[in-house]
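Below: one structure, written as structure tokens.
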Amino acid sequence: MHNTANPAMNSGNHVMLLGDLLIWYYENLAGIKTDKVAVGFKKILMKPFFPAELNHVKASHKSPYGEIRSEWKKEANTLFWKISIPPNSSALVSIPALSSDQVTEGGQKVELSEGIKLLDVNEGFVNLEVGSGDYEFKVDNSGK
């Protein structure tokens, strides 16, 4: 069997495919995106996609302000999500839950956690604004 494809149609630049895929991993699976207005990770958008077939994701990105980290894992009906927001940055965090009552940070209700502002609950997500620091969210979906 002979390769009859036009050689001009073949790409020797396979880095582009891998590069696009890596960006997708960071932005969608880990949920690390920069805001379109406060660019350069001054404001970070944290909203991962949590596929049913995947139970654990861990990623970090060195931004101009410091390291951004996102690590989540699913166990039974519980989602654990650790994030780190660097100094002089803030983040909009979207957590998959129908109510803020399902979400804790550092073992206490998310509304009572220091440095966290509850923005709203919309379309299956609890949306928060957080300042720089380390956060450990837990989402209890057992009563869902």
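One table, with the values for the structure above:
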quantity: Gain on full stretching of the segment that runs from E75 to L54 - 0.36 nm per residue minus C-alpha separation; calculated: 6.5 nm
quantity: Simple label model, 7 Å out from Cα along Cβ direction - Q108 to S84, nm; calculated: 2.3
quantity: E123 versus L98: modelled label distance in nm, points set 7 Å from Cα along the beta carbon direction; calculated: 1.9
quantity: Viscosity 1.567 mPa s, 4 °C: Kirkwood-radius Stokes-Einstein D of region 29-144 over Cα pairs, µm²/s; calculated: 92
quantity: Sites matching GluC sites (Glu not before Pro) across region 51-122 that sit in DSSP coil, with at most 14 neighbouring C-beta atoms within 10 Å; calculated: E53, E114
quantity: DSSP bridge pairs, region 34-97: antiparallel proportion in percent, nearest 5; calculated: 80
quantity: 14 Å beta-carbon shell around K82, net charge (K/R +1, D/E -1); calculated: -1
quantity: Local net charge near T104, Cβ-Cβ under 11 Å (Lys/Arg +1, Asp/Glu -1); calculated: -3
quantity: Charge dipole of region 7-140 about the Cα centre (unit charges at C-beta), most positive-ward option of S100, L54, L118; calculated: L54
quantity: Net charge contributed by nearby residues that have their C-beta within less than 12 Å of L119 (K/R +1, D/E -1); calculated: -2
quantity: Check: region 7-140 dipole with +1 on Lys, Arg Cβ and -1 on Asp, Glu Cβ, in debye; calculated: 380
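Every number in this text was worked out from the coordinates using simple rules, so none of it is lab data. Since we're looking at a predicted model, the values are computed, not measured. All Cβ positions, even for glycine, are placed from backbone atoms using ideal geometry, and neighbour counts span all protein chains on display.
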